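Written out below as structure tokens is the structure these notes cover.
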Amino acid sequence: MTQPQQPPHPTRPEPTGPIRVFLLDDHEVVRRGIKDLLEVEGEFEVVGEASTAAEALARVPALSPAVAVLDVRLPDGDGVSVCRELRSRMPDLACLMLTSFSDDEALFDAIMAGASGYLLKQVSGTDLVGAVRTVAAGGSLLDPKLTNAVLARLRAGDRKDPLAALTAQERRILDLIGDGLTNRQIGERMFLAEKTVKNYVSSLMAKLGVERRVQAAVLVSELRESAGPGRGRTARGPNR
């Protein structure tokens, strides 16, 4: 008999109700605007709000949201530190950073802190809703305007051959992570069980020394760019 189908993200089960979201921003009008954008969709519920880092750290664990939308600059600290602290307590929490400023250092720090995405507040309402939906499903994203800053920072590091420890199968899976595929989609593409893909992903991330899927995706982008036209894949074999 075949086994029951696994949920698409074993570490973050699909919600049975609306996706629970927490908002952190020191401007009430911004919080209200984001809340209205999300709740009109019918699939989100804003379960809490805060205007300071201290309020967020006190409220989020008790409310158990699936996604926290965090302003980077706050009157009593910064959203990156809030992200790092919350994820140390709640590893399954997806943090989406939102800022008015294109701050290369904050972007890099946010990724290292485990953020699932980083967007400028100039993003359209539709794209913001899509971003919350993406990170709630276990995906990751970066605003295209900010990606180059991360790539430059990674290139500045001393990474002679970051993929040397990966097997051919792990390299193929890493490529698909770079294409934005979920574990389920990778399994369908490679004819592997989703649990098997999850194990491969855990292994390759450990070998690369990264803790979050978005960090692996950024590394793929950097390697593709440095490879030049026609050599943009990290894995050996056909470019498919």
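The values are calculated or read from the model by the stated rules, or taken from the named source; none is laboratory data. All values reported here derive from a predicted model rather than from experimental measurement. All Cβ positions, glycine included, derive from the backbone under ideal geometry; neighbour counts span all protein chains shown. All accessible areas refer to the heavy atoms of the entire protein, side chains included, with ligands and DNA or RNA removed. Shrake-Rupley method; radii C 1.70, N 1.55, O 1.52, S 1.80 Å.
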Tell me which of these residue 55 doesn't satisfy, since it passes every other one: (1) open to solvent by less than 50 Å² (accessible area, probe 1.4 Å); (2) at negative phi.
-> (1)
Residues being open to solvent by 30 Å² or more (accessible area, probe 1.4 Å), under 16 Å from the mean Cα position of the chain (by Cα), closer than 23 Å to residue 84 by Cα and in contact (Cβ under 8 Å) with a residue 12 or more places away in the chain: count how many of those fall in segment 199-229.
-> 3
So, of the residues in segment 209-240 that are of a type outside the set (S, T, N, Q), in a helix (DSSP H, G or I) and modelled with pLDDT under 85, which turns out to be nearest to residue 131 (Cα to Cα)?
-> 222
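Would you mention how many residues in segment 101-116 are over 12 Å from the mean Cα position of the chain (by Cα) and either at pLDDT 80 or above or in a strand (DSSP E or B) (or both)?
0
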